There are 4 protein chains.
Amino acid sequence: MRGAARALSSATAANRPAPRARDAYSWYTSCETRWADNDVYGHLNNTVYYALIDSAVNRYLLARSALTLPVAAPASPATTSDAALGVVVSSGCVFFHSLAYPGAVDAGVRVARVGTSSVTFEVGLFGAGATTPAAQGHFTHVYVHAGSRRPVARLPAPLAAAVAALA
Amino acid sequence: MRGAARALSSATAANRPAPRARDAYSWYTSCETRWADNDVYGHLNNTVYYALIDSAVNRYLLARSALTLPVAAPASPATTSDAALGVVVSSGCVFFHSLAYPGAVDAGVRVARVGTSSVTFEVGLFGAGATTPAAQGHFTHVYVHAGSRRPVARLPAPLAAAVAALA
Amino acid sequence: MRGAARALSSATAANRPAPRARDAYSWYTSCETRWADNDVYGHLNNTVYYALIDSAVNRYLLARSALTLPVAAPASPATTSDAALGVVVSSGCVFFHSLAYPGAVDAGVRVARVGTSSVTFEVGLFGAGATTPAAQGHFTHVYVHAGSRRPVARLPAPLAAAVAALA
Amino acid sequence: MRGAARALSSATAANRPAPRARDAYSWYTSCETRWADNDVYGHLNNTVYYALIDSAVNRYLLARSALTLPVAAPASPATTSDAALGVVVSSGCVFFHSLAYPGAVDAGVRVARVGTSSVTFEVGLFGAGATTPAAQGHFTHVYVHAGSRRPVARLPAPLAAAVAALA
């Protein structure tokens, strides 16, 4: 089913988090939508929002060298047992307005909460030129030892720096 | 980033909803995973879980005639202004274990909450033969008049019946 | 399986169409890759190339008003019986080099063949700054009457103009 | 644009390969479609056909131990330099009829051609109960040394056996 209401009345929206404006986010990236993103209602399928959110957060982490793609550093049982690995433990999204192909989407990234071994990122998705978000989502990554799968005692330094730069 | 921890320690899981067992769900469907579902970590990308959850709920609604695909009844401004249309206003998922291609995923569907114009579905995703879920997610649909986009005064009868049958 | 060889020897490439350079294409668009585009080998899954090719061609047609999204002009049995509708009857792609998230992909569009009721588009996909394509694909659209599904006697005027502008 | 004509006249189909019947394929698998597979025309997006074709071939190879997922045997520069790796060098598909969510798709797999270092698989996609295919596609894999990227001198034994079993 499609990922957003085009113009939900205020009554319906009352139970949901309020939309954050563009200046609530400290880092932005942009992504073109694709034909296949639209579902039968002619709007972005709700799963596409998560793909955009995921890509935006990881693009930030890659730009800050806080995430290494496994191809560049291939994982093997011997070499990765002590490495920290981020895993998504929960995510969610509220949908305010719908987006559709064709057109670009701006994704703003912020950090909502930093724990001992976890980070919660929040992402606002805005249509080109829009001042209010079409959707805002969150992702909580927990960093674990690749071998034991137990949470790390502290965030890896490049990640901690990337997170601090967003605050 | 990948959609699940393979074996998060209990400490990490403490802040999240407890996993529901298979018998918590009253209706099941199954879906084969696809090669493209796996991301660079070799597990289902987190967006795929949402695609499976969405498909499971809609498959139930279609089976109960509580959802009509727009192709079968094409929307036009004249004919649909009074029709009720379900839109996703929020969704979320917690990830307990990872899933991977190849293999089938069982999706259990239940209703968590029914409002005047909204329904929240919960879906548990289980690997074949698994007794504990890999992930459990939820979707809240609000039903609006296709024309005005205002919430309906009561759920459409086929939907209300489909929801009641799950309770 | 992944969509491209990173550096296939010339022997292997001998049986395939030669790669066309950037100046072989008359219109370009660009698209950011997404995290979920990478498969377990860390490169764009082969189906993603088709999604980019499809999106590039349709973005061109939309920009030229040669394609109307069904949402803007919803299809109903009564109103669309005489309308021309493009359907994909065949497609294909050869893969020269692999692409990967993160990074943008430039897509060049050209027309390879125009028939009475059909158009074959060719698309070259180039990594940012690359002079040789990572892949080149084609799509053949046949235009049919929406009602009878029989091929049209001539291409719709906006489409014919869009095609002519690419030649 | 959508992946298939619903009922193209015979004139249009004349230039394309003839559809092969179900008994042309020696191995079958099945896959449920997903809500997000449908595009704005209410049928499977053409890229989805490739995802189903890719998944079917790889599911066969995995079942025959002719393909090892990189997670099970993680690639590292040291260990994989001599391993054979299959890369897709070309693919294509012709579309006869459209498919749509909901519903399962049967995928038949056959081998069209075996070379020194390459295999071309053909896959027919059939709607449930259909005797004629909705689409038929092909994939050519070239097997290269993971290190040098040069084609192997002969197909790996498990792959050769899997291919022989399909003939």
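The values are calculated or read from the model by the stated rules, or taken from the named source; none is laboratory data. Since we're looking at a predicted model, the values are computed, not measured. Every residue, glycine among them, receives a Cβ derived from its backbone with ideal geometry; neighbour counts consider all protein chains shown. Quick note on the areas: whole protein, heavy atoms, side chains included, nothing else; ligands and nucleic acids left out. Shrake-Rupley method; radii C 1.70, N 1.55, O 1.52, S 1.80 Å.
Using the Cβ-Cβ distance between B:Ser65 and D:Arg16 with R0 set to 45 Å, the FRET efficiency works out to roughly 0.75. The mean number of partner chain beta-carbon atoms within 10 angstrom of a residue's beta-carbon across peptide A:90-103 is 5. Each label point was placed 7 Å from the Cα along the Cα-to-Cβ direction; for C:Ala165 and D:Ala130 their separation is 3.5 nm.
Annotation for D:Ala24 and C:Ala104: the two label points, set 7 Å from Cα along the Cα-Cβ direction, are 4.3 nm apart. For the stretch C:120-162, the share of accessible area belonging to carbon and sulfur comes to 60 percent (1.4 Å probe, ligands and nucleic acids excluded). Using a probe of 1.4 angstrom and keeping all protein chains present, the accessible surface of the stretch C:19-167 works out to 35 square angstrom per residue.
Heavy atoms of chains C and D lose about 3400 Å² of accessible surface on contact, summed over both sides with a 1.4 Å probe.
Listed values for the stretch A:125-140 are Karplus-derived 3J(HN,Hα) couplings in whole Hz (6.51 cos²θ - 1.76 cosθ + 1.60, θ = phi - 60°), namely 10, 10, x, 4, x, 6, 8, 10, x, 6, 7, 9, x, 9, 9, 10, and x replaces Gly and Pro.
Divide the volume of the convex hull around the Cα atoms of the stretch C:39-167 by the residue count and you get 127 Å³ per residue.
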